[in-house]
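What follows draws every value from the coordinates through simple rules; no lab data is involved. Worth saying up front: this structure is predicted, and the values here are computed from it rather than measured. Here the Cβ is made from the backbone with ideal geometry for all residues, glycine too, and neighbour counts use every protein chain on show.
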Amino acid sequence: MNELASSPISDTRSLKVALLGCGTVGSAVLRLLSEQADDLAARIGRPVEVAGIAVRRPDHHPDVPQHLLTTDASGLVARDDVDLVVEVIGGIEPARTLILAAFEAGKSVVSANKALLADDGVALHAAAAKFGVDLYYEAAVAGAIPLLRPLRESLAGDQLRRVVGIVNGTTNYILSRMAETGAGFAEALAEATDLGYAEADPTADVDGFDAAAKAAILASLAFHTPVTASDVHREGISSVSATDVARAAEIGCTVKLLAICERVGPTGDDAGSGDSVAVRVHPAMIPTTHPLASVGGAFNAVFVEAEAAGQLMFYGQGAGGQPTASAVLGDLVAVARNRLAGAAGQSSTGYANLAVRPMAETPTRYHVSLDVADKPGVLATVAHAFAEHGVSISTVRQNGHGDAATLVIVTHSAPDAALSATIAALRDMPTVRGVTSVLRVEGLS
Ligand code: HSE
């Protein structure tokens, strides 16, 4: 533990919390703080009280004790009687400025802000360390699932090879419905919107921005290496078609939007020997026997492979007020205990400082479906395109014959750029009538 810049709390008064933001998560935090006040006091060793709640529009919060509401978030953070700050505003500003002000005033912060942590985690951790306070953010990735603390603390004695997760519930709901009903993306998205799983503007979820921020946070912790959202290769699910989903089922696979963080070797080796990290978010086929394949609906799950621990799986609710508030309160208990002990807890470390491998050089495997004419020499021409780009084919299957033949090819692992160049070449070939499905494959032996 680091020594705190601010002095330990010496009397027996309550710990005072400033709550920044009172949306779905903030109001659930407030409710749990009140409902579980006695248990929290017993677990922390001191009662916890809400000192104030900073919101933009007080009149939008009729159910909250009105005397606690303020529009002056910086004033609230700076108040002498505030010991800890919970930031559930989201977004970059004013959250960053408020968190830095809290650190400077010797106050630990619990945040659920994935965008900010993925963008500026290094500077925020450095500022927390400088002032000897805590920055905890379990709720920023996969909601209720205890994941960041296991990575940061429980697995701190191990070497992690891969962290692969379904970390966005909206897209998992959409892909699950496509698999269950045969619907296309647009139809499944419309259903998700009607049921409230998808937001009115679903861009952050369906285009993979939300998952990419979470992947950056996971990779940073797993590999002790600074990774930001801009380091993450990102593809969303809007181009996943009903054909892709059907083709996956034909080979015993299902389609998931995966956040994949892995250590990779120097020259196109598979994960494991790694002197660099590769971090990517994209849809992929995974075998239905893979533990992540059975994660349905809006649930999240993260599969971890470690040298000594082997395979671990974390599963649960990745969003929602109450589940996310559970993670916030878990952090609040931890930082409150640290505060009373006059110390700061385990922080993130970036000591390994590994290079981030560009997607073009990252080893992947592709599943490709082609419409071709069933004539002599067609397969040879197609195989030649793969060979020319240094891509080895693992399996080939032909469906149909005559003018309506389909070739389904699964490759071995190759640099992603070689695979995408092969697809571009296939699209240009006169013998190929159409490239009807291209998806990466993960977890196939
Ligand atoms: N919008 C996210 C999801 C939850 O669909 O999982 C918050 O990160």
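Tabulated data
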item	result
Ordering of 403-415, 427-439 by burial proxy (mean other Cβ atoms within 10 Å per residue, highest first)	403-415, 427-439
Most fluctuating residue given options D120, D83, D63, as computed from a GNM of the chain linking Cα atoms under 10 Å	D63
Hull shadow area, averaged, segment 287-375 [alpha-carbon convex hull, nm²]	11.9
0 to 90° range, to nearest 10: angle between helix 24-35 axis and the chain longest Cα axis	50
Pairwise FRET efficiency - Q398 versus A156, Cβ, R0 = 56 Å, nearest 0.05	0.65
Radius of gyration, Dmax [segment 361-441; alpha carbons; angstrom]	11.7, 38
The chain: calculated mean residue ellipticity at 222 nm from DSSP helix runs of at least 4, using -39500 (n - 2.57)	-10500 deg cm²/dmol
Within a Gaussian network of the chain (alpha carbon springs, distance under 10 Å), most fluctuating of N300, N399, N172	N399
Proximal aspartates and glutamates relative to K114, as straight alpha-carbon distance under 12 Å, when same-chain residues fewer than 8 apart are discounted	E87, E138, D210
Proxy reagent accessibility, fewest Cβ within 10 Å first, across M285, M313, M178	M313, M178, M285
log10 of Debye I(q)/I(0), alpha-carbon scatterers only, for the chain at 0.07, 0.10, 0.14 Å⁻¹	-0.40, -0.74, -1.24
Rounded to 10°, Cα long-axis angle of helix 185-194 versus longest principal axis of the chain	30
Peptides 125-138, 191-204 ordered by average Cβ neighbours within 10 Å, highest first	125-138, 191-204
Segment 148-317 - Kirkwood radius from inverse mean 1/r over Cα pairs (Å)	16.3
Net charge over other residues, Cβ less than 15 angstrom from the Cβ of N300 (K, R count +1; D, E count -1)	0
FRET efficiency estimate (nearest 0.05) - Cβ-Cβ, H384 to T181, R0 35 angstrom	0.35
On Cα atoms only, tilt of 416-428 relative to the major axis of the chain in degrees	40
DSSP-defined beta bridges in the chain - what % are antiparallel, rounded to 5	70
Residues H384, H401, sorted so that the one with the fewest Cβ neighbours within 10 Å comes first	H401, H384
The chain: most fluctuating residue of G52, G143, G402 per GNM, C-alpha cutoff 10 Å	G402
Dipole of the chain, positive end: most advanced residue of P94, L69, L444 [Cβ charges, Cα centre]	L444
Above-threshold pairs, the threshold being 23 Å between Cα atoms, out of K256/K375; K107/K214; K107/K130	K256/K375; K107/K214
